[in-house]
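Only one structure is covered here, and it is reproduced in the block below.
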Amino acid sequence: MSNFAVPLIIGLVTDAIYRRNMDDVIKYTVHWMIPIVLGSAIFTWVRGTTFNTMGVKIAKEVRYDLFYFTINKDISFFDENKTGDILSRISVDTSVIEEGLGMNISMLMRNLIQLICNVLLMLFINPELTGVLFAGLLPTLFIMGYMMKFVKTETKNLMAAKGKIGNIAEEAIGNYRTVKAFASEDEEIRKFREANEKAYVAGSKIARVLGF
């Protein structure tokens, strides 16, 4: 709510300065501005700490459960899935979950509450104009839905590419004697470069979409 209160108080202070009423300037600044700013800082810290701690804790549980169920799989599972892909799921994917459940959720909740307050104020000030505005936003919502679906698909491609990168690097470095014996450094470099390029392409597509 400080995002709404602070501009209002700044406007009141400006009016008081224009009227040369320094008592009102001191009253609005000391009695209202400082407590609101300090309260906003405290609640922002509480919100950020709560969601970040929640994200870290959930990621810890997911990482443990993933390793627990993976290590108890049959041998056929490890024959069918490459080691790099499995390690990528345990490390990279859980890191994505941690980031998503941390600051991203925190920002989402803040923006959602702010959006609701803005809509209520708009409806209170001018319901007709608010209706026109939302009618114009409908095409934007459809476009955003398509964009999010595209980002989801490319994120899967990015995670798969990172898993392949890890797998290639692990096989090449873990079996470096074999690589040296058959002089296949160029071949390993080529495979790594191709996988790295796929990760770049998927990441750049996501970056261009999120740039909007």
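What follows is calculated from the coordinates using simple rules that are stated; it is not laboratory data. Since this is a predicted model, take the numbers as computed values, not measurements. Here the Cβ positions follow ideal geometry from the backbone for every residue, glycine too, while neighbour counts run over all protein chains shown.
Beyond 14 Å, what share of the Cα-Cα pairs of the stretch 135-212 is found? Please give it as a whole percent.
Pairs farther apart than 14 Å: 68 percent.
Mind sorting 51, 77 by how few other Cβ atoms lie within 10 Å of their own Cβ, fewest first?
If I rank by nearby Cβ atoms, fewest first, I get 77, 51.
Going by C-beta contacts inside 10 Å, put 45, 32 in order with the fewest on the left.
Least crowded to most crowded, the residues run 45, 32.
Give me the number: length gained by fully extending residue 108 to residue 80, i.e. 0.36 nm times residue separation minus the C-alpha to C-alpha distance, one decimal in nm.
6.2 nm
What ranking of 193, 177 emerges when the number of other C-beta atoms within 10 Å of each C-beta is taken as an exposure proxy, fewest first?
Listed from fewest to most nearby Cβ atoms, that is 177, 193.
Note down the Stokes-Einstein diffusion coefficient of the stretch 53-168 in µm²/s, whole number, using a Kirkwood radius over alpha carbon pairs, 10 °C, and 1.306 mPa s.
Answer from the Stokes-Einstein relation: 90 µm²/s.
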